Amino acid sequence: MRALRLVVTGAQGQVVRSLIERAPDGVEVVALARPELDLADPASIRDAFESGPADVVVNAAAYTAVDKAEAEEELATRVNGEGAGLVAAAARALGAPVIQLSTDYVFDGSLDRPYREDDPVAPLGAYGRSKLAGEEAVAAANPRHVILRTAWVYSPFGANFVKTMLRLGQTRDEVRVVADQRGGPTSALDIADAVLLIAHRMLAAPGPEKYGVFHMTGGGEASWAEFAQAVFAEAQALGRPAVKVIPISTAEYPTPARRPANSRLDGARLQRDYGIALPDWRESLPPVVARLLAAES
């Protein structure tokens, strides 16, 4: 039987590297990345997708510099908005559904509960606006779409909050971390496992309930300060010196882009329609910390 062929945009991102690592026998992950594929270049998108068939296309590449996007919104929108739509259209031309990775930044964070898929969107900044434009472009270009909003992604790969905390902990005995923003820390390895399941299940039992917008974050919730405390506790258990986390307010750590105070996402629809619920973030964090520390030695 032919392998499931998953064509993924990007090569070095956390989710793509996790997909390549987690793909079981019988799943071929084909990564399209620069210079062959550049989401800011429509011609390169067209040409890249002419290289072979796809059972499912995953658009994991993106402009992710949240603060820099405030000064480069046109570029962010070209990549995250127009580029995402062109990837979805290329998938449709191949007869394939598309899985688009999106973000909690499409919301303003003002609700006092986890966000559901049908809650009003209201991005606070350029990055969120560009990702929302991508959601709209994908939905318009390919009716067989799954848009996965996730948040607070970390992994053994690339740049992320866990890696930053471990780096700071090498030279500091205390770190100031924002405590008035809450979300669901999410392992990219868990995202990859879920994407692989979604790909199989959408092909095995296609139907209207399998398409649309879904929320997907790690189980549980935390503030950034609580997340940092958990990272340092895991590191200390593995021999690193103790690091104290000093909780601060968002106002004490100003950034060019505003962040949602509430990034919690309700994953009930994903569990109902796909039978998928990601593990609690406290279960997924220890192996990632262990891998990052082992890579340093």
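Anything over 28 Å Cα to Cα? Flag those among LYS131/LYS163; LYS68/LYS163; LYS68/LYS210, in the order listed. Listed pairs above 28 Å: LYS68/LYS210.
Basic side chains Lys and Arg get +1 at the Cβ, acidic Asp and Glu get -1 at the Cβ, and with that the dipole of segment 1-132 about its Cα centre reaches some 360 debye.
Across the chain, Cα pairs under 8 Å and at least six residues apart give a relative contact order of 21 percent.
Rounded to 0.05, the FRET efficiency of the ALA43 and ALA290 pair, given R0 = 51 Å and the Cβ-Cβ distance, is 0.70.
Listed values (1) 75, 61, 32; (2) 71, 65, 31; (3) 54, 40, 39 include one computed from this model; for Cα extents along the principal axes in Å that value carries the label (3). Once the GluC sites (Glu not before Pro) in DSSP loops with at most 13 neighbouring Cβ atoms within 10 Å are cut out of the chain, the longest remaining piece is 51-297. Between segment 60-111 and segment 191-218, how far is it from one alpha carbon centroid to the other, in angstrom? The two parts, judged by their Cα centres, are 18 Å apart. Model label sites at THR164 and ARG116, defined 7 Å from Cα along the beta-carbon direction, differ in position by 3.2 nm. Taking the Cα centre of segment 151-256 as origin and assigning +1 to Lys and Arg Cβ atoms and -1 to Asp and Glu Cβ atoms, the resulting dipole is close to 240 debye.
Here TYR253 and GLU283 are evaluated by their C-beta separation; at R0 = 30 Å the FRET efficiency comes out at 0.60.
222 nm [θ] for the chain, helices only, -39500 (n - 2.57) per DSSP H run of 4+, per residue, to 500?
-11000 deg cm²/dmol
May I ask you to list the residues of segment 255-297 whose amide nitrogen lies under 14 Å from a point 7 Å from Cα along the Cα→beta-carbon direction of GLU209? Within reach of a label on GLU209, which here means backbone N under 14 Å from a point 7 Å along Cα→Cβ, segment 255-297 contributes 268-276. Dipole check for the chain: with +1 at the C-beta of Lys and Arg, -1 at the C-beta of Asp and Glu, and the Cα centre as origin, the magnitude is about 360 Debye. With all pairs of separate Cα atoms included, segment 29-131 yields a Kirkwood hydrodynamic radius of 14.6 Å. When you filter the trypsin sites (Lys or Arg not before Pro) in segment 179-288 for DSSP loop state and at most 16 other Cβ atoms inside 10 Å of their Cβ, nothing is left.
Where a number appears in this text, it was derived from the coordinates with a stated rule and is not lab data. Keep in mind it's a predicted model, so treat the numbers as computed, not measured. All Cβ positions, glycine included, derive from the backbone under ideal geometry; neighbour counts span all protein chains shown.
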